[in-house]
Structures are given as structure tokens and as C-alpha cells.
Amino acid sequence: MIDFINKIFLSNGYGKEDSDSPSRYSYFSHSEFKDFWIVKSCRSQVSAKDLVEAREKAKSILGNYKEFEKNASLLILLCVDEVSDQLIDKVIKLEEDPFDFKKYVVVYTESDKEELLKIAPDGELLSTLLMNIQTFEELKKEECQTRIGPYHLLYSLAHKLPFLMMEVTPVGSQALRDYFIPSDKNKPLYEWFKAVDENTLDAAIRREAEQNNG
């Protein structure tokens, strides 16, 4: 999964800072904006030790940028055997933790990953795929119990990495996340998407489907 995520960052203006780091980590800085990401791959759970290790490694690799402390985000790729309400509750608490970096957790199973790779094999055309109405229709039809599902995983990535749904207009040297501007074509879907909390995405999709079918 981390190789797939690496392709997404590299195709959206980020440079990889860690050519010699272990495969479970990646570190990125944007070529124009003062925006930094640490990507960490975890299995089954995220421990306090994982967070400490991520922080220390990030400081050693990205700490030479004076904007790093303010504009750094940690993306955790959490592969699990199955998804449960208890797991989602833990993820929410982790993302709301105010210490260290902004934290974003993408939860998935191996089957979710394999199916996502069939939908978007190279990770470079996700913006087009996200804005395709057929993709949204597939998302509304997708029913999952103990897994995420490839289309829910796709939109989960878009929640964590908002530049996937944007055309970006550079302004000064502020963090990239502060200057996302949707194109006119994409604005209606983008506005709906951003208004939905990821944790209530299923309910929002059902409401949208009922209105469309009403």
C-alpha cells in the first residue's frame, strides 16, 4: 500500500526525502509549498512506540526545514484483518490527539487494497477517477460489514489527501493544504464531499441515493 501512496504524492508535486529509509516509512516535502508528510505503514494496530518512532525519524529527515514543525502531517496506513466499531473509535481518538503532528489514519484490509489497485493501478489518475460520476455511483452501491471496500477506501484517501480533488492555485509560501481550490466542473461534488464527515459517509451516501431515486 505504501508504494501506491508514494506514487500519489510523487504525481502531485511532492518530492521524496528518504531514499534510504525502511519501506514502512516515506517522507515528503512539496516542491512549491511548505508542506510535509510522513507516511507510515502499520499492521493491526498503532502503538505509542510507533508514534514516537515516526516523530524521531521525521525530525532527523525533515527537521532541517524551519516550517516542518508547523506544517507536518502524519498519514498512517493501517492494514487490519477486519474493521469493527471499536477499531474506528480508536482511529478517531488517534486522529483527534493534539500532540505532535496532524494525524490521518487510512484503515483497510488486504482485499480492499487488492481491489483498489485493480480500479486505480498506478495511483496517478485518482483525481479523474474521484470526479467520475460512475465512481460515485459505485460508492453508493458498495456494502461492507467487516471491511472498508475499494470505493470507500478511495474516498477515504481523498478525505485524508484533499489535493486529490483539487486544482491548486499557489499563493505565497504557505502550507499547501491552505490553498486548495476546486475547479468549476468539480465544485458541486467537492462541496458535497467536504461537507460529509468521513465517519458518517455511509449514512450520507444512503441519503443521496434515496433523494436521487425518490
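Solvent exposure of the range 46-87 amounts to 55 Å² per residue of accessible area, where only protein heavy atoms count and the probe is 1.4 Å. Here r is the Cβ-Cβ distance between residue 55 and residue 2 and R0 is 22 Å; the resulting FRET efficiency, rounded to 0.05, is 0.75.
Among the chymotrypsin sites (Phe, Trp or Tyr not before Pro) within the range 26-135, those in coil by DSSP and having at most 10 neighbouring Cβ atoms inside 10 Å are 99.
With a Förster radius of 45 Å applied to the beta-carbon distance between residue 10 and residue 85, the computed FRET efficiency rounds to 0.80. In this structure, the pairs whose alpha-carbon distance is over 25 Å, taken from 16/66; 59/103; 70/118, are 70/118.
Kindly provide the trypsin sites (Lys or Arg not before Pro) of the range 1-82 that DSSP labels as loop, not H, G, I, E or B, and whose Cβ sees at most 11 other Cβ atoms within 10 Å.
66, 70
Among the GluC sites (Glu not before Pro) found in the range 1-88, those both in a DSSP coil and sparsely packed, with 16 or fewer other Cβ atoms within 10 Å of their Cβ, are 32, 67, 69, 82. Available extension along the chain between residue 93 and residue 138 is 13.3 nm, counting 0.36 nm per residue and deducting the alpha carbon span.
With each pseudo-label sitting 7 Å past Cα toward Cβ, what's the residue 48-residue 65 distance in nm, one decimal? About 2.9 nm, to one decimal. For the residue pairs 7/57; 49/140; 34/113, the alpha carbons lie more than 32 Å apart in 49/140.
The values are calculated or read from the model by the stated rules, or taken from the named source; none is laboratory data. Remember, predicted model here, so these are calculated numbers, not experimental data. Heads up, the Cβs are rebuilt from the backbone with ideal geometry, glycines too, and the neighbour counts pull from every protein chain shown. Each accessible area value is taken on the protein alone, full model and side chains, heavy atoms only, with ligands, DNA and RNA left out. Shrake-Rupley method; radii C 1.70, N 1.55, O 1.52, S 1.80 Å.
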